[in-house]
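Step one of this worksheet: look at the structure below.
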Amino acid sequence: MSTKAVLTFKSPQTGIIGVSVVGGSFGTYMKWAGIDVVLIRGVAPKPSYMYIAEDTVEIRDAAKLWGRGAIESEDILKKELGSSASVLTIGPAGERLVRFSSINHDLGRQAGRTGGGAVLGSKNLKAIAVKASRGELGYYDEEGLVKLVMEIHKKIKSNPALRGYADQGTLDLDSPNTLGFFPTRYWRKVRMEGYESLRYEHLKGRVRKGTCIGCPIACHRIVDVETPKHERVQVELDYEGIYAIAGLSELRDLDAVSYIYRLVDDYGMDVISAGNVVAFAIEAYRAGKLQIGRRLDYGDPSSVMWLLEVIARREGVGDVLAEGVARAAEKLGLTDIAVHVKGLEPAGYDPRTLKGMVLSYAVSYRGACHLRLMGYHADLRGLGGGRFSTSRDKVEVLVDLEERGVMYDSLPLCKFGRYIYDWNLMKDLLNLATGLNLSVSELKAASRRIINLVRVVNVGFGVSRDSDQLPGRFLREPVEYEGRQYVVTPEEVNSMLNTYYELRGWSANGLPKLGTLKDLGLIEIIESSAFREVLEVLKE
């Protein structure tokens, strides 16, 4: 569960730090090639791709790939470079600087969130390819590491949650709908009537397992789908895509949803943001704010397909929607219904019925992210007082989950590792692999340094308590679950923020205190960085 690659940039979608993590094989091939970090500066003079091998880096011509889909482009490069290459690609959306465009990999893997595809597009980079011939690594204590890894395999196979992912991937729609947190009809409901037509059981006979390289879980589900032109293609389905495409736009045709997911991947767009933008557009049309030459409606796959095409090509109204929900809402005068935090659209967990997501969406460094604090995990496992709790106990649980999540992204590890990777296990693995001999307290301190340093950088981009707020729809519009109405109250938001800031050693305005930064050894780092002027803000 440690094959991840982490992409970091200033987000064109949010204007703050953008980070996106991708599984598959790319991270492993980087290590096989002896590479830890690739830093990309400047702009290629023409459409290009980056080729990296053990002893060389080349910028190669990509004219034949420009304009092609992300999936098709990856296939072409893999055939050209051979089986010892791993490839990241962007699609037409990234080329046209759609702000939520993704970087795609291994058919269904994406560095999806916060617009990394537009970053590569702005650099005229169609792809990054790494070729590695060795296929092996050296470790500080290989014998001890292999022994521990075998123990981890046993833990994975015996863990009920991970067995569930192995059995049907992430395509469990019963729990989100039964428990009432499945975002539906652009966040108006928490259960979709007729969702049963989308169940995993309807894929029988045309689905197979896939996996990130070396992972024993194999949570990917690759599906054969007939296109409207009767060409059979493949797509990888997961929960977030089903929620974003089917739930938010109320689509119940599994074949149509599967085909639309394929379009999103090949255009090279983050499926979470794309699904939110499309549903927002339907809301805007119904409100009379989108003047176009065709009808848009919920439950209509053709509306969704048309919108995705004009967005990917930035044609007509698609040029406005390609800016993402936050900017499109400003232009259309619909900020009161726009669902985003810091410019990033949320994942498939409604905070009105999963209260851990209140804090998760509010303070996650990249916007409405579900993976930094993993509040849904705490809620669904009854941690910190249960799913409706906003207590201090809940915030303390989320603080620990955030620190673990930071370490998962630093090692890096899959977030599904939260079921087995505690602090001691991470410490033992890291020490056996590297010989660093770190303690658990030193690992936790490293996570806190990262959290504070990222916050300092985001403060430099204008982030404060005013940014750590939820969209008005969650505060004003109740959803019904089991005969009761639920909202997020301002008191719940403010209480969780106050406790979180206190536990982090930040001011009431959400700014890291100088004493906290000094204790963590960050003052000198900030003074020597491009963000040293932030210290003057913090002093005030």
Selection status of LEU77, in contact with a Phe, Trp or Tyr (Cβ under 8 Å, 6 or more places away or on another chain) and either touching a residue at least 40 places away in the same chain (Cβ under 8 Å) or in a helix (DSSP H, G or I) (or both): yes
Any hit, segment 274-297, residues being part of a strand (DSSP E or B), crowded, with 19+ Cβ neighbours inside 10 Å and in contact with a helix residue (DSSP H, G or I) (Cβ under 9 Å, 6 or more places away or on another chain): no
Condition met for TYR267 (touching a residue at least 24 places away in the same chain (Cβ under 8 Å), of a type in the set (Phe, Trp, Tyr) and open to solvent by 10 Å² or more (accessible area, probe 1.4 Å)): yes
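Matching residues to (1) more than 21 Å from PRO216 (Cβ to Cβ); (2) without any contact (Cβ under 8 Å) to a residue 24 or more places away in the chain; (3) polar (S, T, N, Q):
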| position | (1), (2), (3) |
| --- | --- |
| ILE420 | no, no, no |
| VAL456 | yes, no, no |
| GLU482 | yes, no, no |
| VAL488 | yes, no, no |
| GLU491 | yes, yes, no |
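Quickly run through segment 524-536 and pick out the residues that are under 15 Å from ASN452 (Cα atoms) and open to solvent by 60 Å² or more (accessible area, probe 1.4 Å).
Across segment 524-536, the qualifying residues are GLU524, ILE525, GLU527, ARG532.
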Residue check for SER258: open to solvent by 10 Å² or more (accessible area, probe 1.4 Å) and either within 16 Å of GLN168 (Cβ to Cβ) or modelled with pLDDT of 95 or more (or both): no
Selection within segment 478-488 - part of a loop (DSSP other than H, G, I, E, B) and surrounded by 14 or more Cβ atoms within 10 Å (Cβ to Cβ): VAL487, VAL488
Failed criterion for VAL119 (all others in (1) farther than 27 Å from VAL320 by Cα; (2) touching a Phe, Trp or Tyr at 6+ places or on another chain (Cβ under 6 Å) hold): (1)
Some residue of segment 331-352 being open to solvent by 10 Å² or more (accessible area, probe 1.4 Å), part of a helix (DSSP H, G or I) and out of contact with any Cys (no Cβ under 8 Å at 6 or more places or on another chain): yes
Number of positions in segment 42-58 that are under 21 Å from ARG99 (Cα atoms) and crowded, with 16+ Cβ neighbours inside 10 Å: 4
Near pairs, Cβ below 9 angstrom, 6+ apart or cross-chain, from segment 439-450 (of a type in the set (Asp, Glu)) to any residue that is part of a loop (DSSP other than H, G, I, E, B) and modelled with pLDDT of 95 or more: GLU442/LEU436
Hey, LEU39 open to solvent by less than 20 Å² (accessible area, probe 1.4 Å) and either over 25 Å from the mean Cα position of the chain (by Cα) or more than 22 Å from ARG313 (Cβ to Cβ) (or both) or not: no
Listing of helices (runs of 4 or more DSSP H) fully contained in segment 137-188 that carry 2 or more residues being farther than 20 Å from SER2 by Cα and touching a Ser or Thr at 6+ places or on another chain (Cβ under 9 Å): none
Test: SER133 is polar (S, T, N, Q), open to solvent by 40 Å² or more (accessible area, probe 1.4 Å), touching a residue at least 40 places away in the same chain (Cβ under 8 Å) and not in a strand (DSSP E or B): yes
Some residue of segment 231-244 being surrounded by 20 or more Cβ atoms within 10 Å (Cβ to Cβ) and of a type in the set (Gly, Ala, Ser): yes
Single residue of GLY121, GLY108, GLY94 found to be at pLDDT below 95, open to solvent by less than 10 Å² (accessible area, probe 1.4 Å) and either touching a strand residue (DSSP E or B) at 6+ places or on another chain (Cβ under 9 Å) or among the basic types (Lys, Arg) (or both): GLY108
Single residue of segment 493-523 satisfying the filter (within 20 Å of ALA446 (Cβ to Cβ) and of a type in the set (D, E, K, R)) that is most open to solvent (accessible area, probe 1.4 Å): LYS518
All positions within segment 9-30 that are surrounded by fewer than 21 Cβ atoms within 10 Å (Cβ to Cβ) and assigned to a helix (DSSP H, G or I): MET30
Where a residue in segment 272-294 is within 13 Å of VAL317 (Cα to Cα) and small (Gly, Ala, Ser) and its partner, wherever it lies, is at pLDDT 95 or above and surrounded by fewer than 23 Cβ atoms within 10 Å (Cβ to Cβ), with Cβ under 6 Å and at least six apart: ALA284/LEU332; ALA284/LEU334
Residues being of a type outside the set (A, V, I, L, M, F, W, C), closer than 21 Å to VAL223 by Cβ and assigned to a helix (DSSP H, G or I) - total across segment 261-273: 5
Segment 184-228 - residue that is among the small types (Gly, Ala, Ser) and more than 29 Å from LEU137 (Cα to Cα) and, of those, surrounded by the most Cβ atoms within 10 Å (Cβ to Cβ): SER197
Those residues of segment 510-540 which are charged (D, E, K, R) and outside any loop (DSSP other than H, G, I, E, B), in sequence order: LYS518, ASP519, GLU524, GLU527, GLU536, LYS539
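Taking helices (runs of 4 or more DSSP H) that fall entirely within segment 367-467, which contain at least 3 residues that are more than 23 Å from TYR243 (Cα to Cα) and modelled with pLDDT of 95 or more?
392-410, 423-434, 440-460
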Test: residue in segment 491-511 that is farther than 24 Å from CYS369 by Cβ and over 24 Å from the mean Cα position of the chain (by Cα): no
Residue check, THR3 part of a loop (DSSP other than H, G, I, E, B), touching a helix residue (DSSP H, G or I) at 6+ places or on another chain (Cβ under 6 Å) and in contact (Cβ under 8 Å) with a residue 12 or more places away in the chain: yes
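Just checking, how many residues over segment 41-74 are among the acidic types (Asp, Glu), outside any strand (DSSP E or B) and within 24 Å of PHE9 (Cα to Cα)?
Residues of segment 41-74 that are among the acidic types (Asp, Glu), as a first pass: 54-55, 58, 61, 72, 74.
Then keep just the ones that are outside any strand (DSSP E or B); that gives 54-55, 72, 74.
From the residues that got through so far, the ones that are within 24 Å of PHE9 (Cα to Cα) too are 74.
Number satisfying all stated conditions: 1.
The values are calculated or read from the model by the stated rules, or taken from the named source; none is laboratory data. If you're wondering where the values come from, they're calculated on a predicted model, not measured in any experiment. Cβ atoms come from the backbone with ideal geometry, glycine included; neighbour counts cover every protein chain shown. Keep in mind that these areas ignore ligands, DNA and RNA; they rest on the heavy atoms of the full protein, side chains included. Shrake-Rupley method; radii C 1.70, N 1.55, O 1.52, S 1.80 Å.
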